[in-house]
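The values are calculated or read from the model by the stated rules, or taken from the named source; none is laboratory data. Since the structure is predicted, the reported quantities are computational estimates derived from the model, not experimental observations. Positions of Cβ are generated from backbone atoms using ideal geometry, with glycine treated the same way; all protein chains shown enter the neighbour counts. Just so you know, the surface numbers come from the protein's heavy atoms only, side chains and all, with ligands and any DNA or RNA stripped out. Shrake-Rupley method; radii C 1.70, N 1.55, O 1.52, S 1.80 Å.
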Amino acid sequence: MATGHTDPQRRERILAATLDHIADEGIAGVSHRRIAARAGVPLGSMTYHFTGIDDLLREAFTRFADHIVAVFEQHLGRVDGPEQACEAVTDLIHTLSEGPQRDLVLTQELYTLAARRPDYRELTRAWMLRSRHLLERHFDPDTARQLDALIEGLTLHRALDVAPHHRALTREAVRRVTTAA
C-alpha cells in the first residue's frame with residue numbers, strides 16, 4: 001500500500017468509502033476497520049486523517065450536503081424570473097426523486113442521525129439554510145422555506161412510490177406554494 005506521501009487522495013477515498021458504506025449498509029455498520037477495508041487503506045489511516053467516527057461522519061455528510069446543494073445550484077443558478085424558477089424547482093424535484101438511490105438513502109440516514117443527535121442536527125440545519133438561500137434568490141424567505149419542505153417531501157414520495165406522480169402534479173404543487181401569498 002502507498003504511504004500518505006505518495007497517496008494524496010487517501011483522505012478523499014476514505015470519505016467516499018464512508019458514504020458508499022452508509023448507502024449500502026446503513027450508518028450503524030460504520031467502523032474504522034470496515035471503512036479502511038472498503039477504501040483500501042491501512043487501518044492507521046483512519047485515526048491519522050480523522051479524530052474519530054464522529055469526525056469521519058461529519059465530514060462525509062458535509063461532503064454529501066455539498067453535493068446536494070450543488071444540484072440545487074445547477075437547477076436554480078441561471079434562472080431568470082418567477083416562471084423559470086417554478087419550472088426549475090419542478091425539475092429539481094424530479095431530478096432528485098429519479099436520481100441515484102444512493103442519494104435518497106444518504107439523505108434519510110443523515111436525517112435519522114440528526115433526529116437523534118444535536119450535532120448532526122446542526123449540520124442538517126446548515127444544509128437546509130444553504131438550500132433555502134438558493135431558493136431565496138427567486139422567492140421570499142417564507143415561500144423558500146415552504147418550497148424547501150415541498151422539495152424534500154415530494155422527492156421522497158416520488159422516489160418511494162411504485163407509481164410516482166407525474167410532472168404536471170409537481171408543477172401544480174409548486175405553483176400553489178408560490179402563489180398562495
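Annotations for the structure displayed:
- Residues that are touching a residue at least 60 places away in the same chain (Cβ under 8 Å) and either open to solvent by less than 70 Å² (accessible area, probe 1.4 Å) or closer than 20 Å to residue 84 by Cβ (or both), drawn from the range 121-134: 123, 126, 127, 131, 134
- Matching residues, the range 32-47, being free of Cβ contacts under 8 Å to residues at least 24 places away in the same chain, open to solvent by less than 90 Å² (accessible area, probe 1.4 Å) and of a type in the set (Val, Ile, Thr): 35
- Listed by position, the helices (runs of 4 or more DSSP H) contained in the range 63-177 that have at least 3 residues being within 21 Å of residue 25 (Cβ to Cβ) and of a type in the set (D, E, K, R) are 101-116.
- Top-ranked residue in the range 48-100 [being among the aliphatic types (A, V, I, L, M) and farther than 23 Å from residue 18 by Cα; ranked as surrounded by the most Cβ atoms within 10 Å (Cβ to Cβ)]: 89
- For residue 98, the conditions (1) under 21 Å from residue 172 (Cα atoms); (2) without any contact (Cβ under 8 Å) to a residue 60 or more places away in the chain all hold with the exception of (2).
- Checking 117, 132, 121 one by one, the residue that is charged (D, E, K, R) and within 18 Å of residue 76 (Cα to Cα) is 132 and no other.
- Annotation: of all residues in the range 167-181 being more than 16 Å from residue 81 (Cα to Cα) and at pLDDT below 95, the one that is most open to solvent (accessible area, probe 1.4 Å) is 181.
- Residues that are within 15 Å of residue 64 (Cα to Cα), among the acidic types (Asp, Glu) and touching a helix residue (DSSP H, G or I) at 6+ places or on another chain (Cβ under 8 Å) within the range 109-136 comprise just one, 109.
- Odd one out for residue 65 among (1) modelled with pLDDT of 95 or more; (2) over 28 Å from residue 167 (Cβ atoms): (2)
- Residue that is least open to solvent (accessible area, probe 1.4 Å) [pool: residues in the range 7-31 that are under 16 Å from residue 110 (Cα atoms) and of a type in the set (D, E, K, R)]: 20
- Search result, residues across the range 15-40 that are hydrophobic (A, V, I, L, M, F, W, C) and part of a helix (DSSP H, G or I): 15, 16, 17, 19, 22, 23, 27, 28, 35, 36, 37, 39
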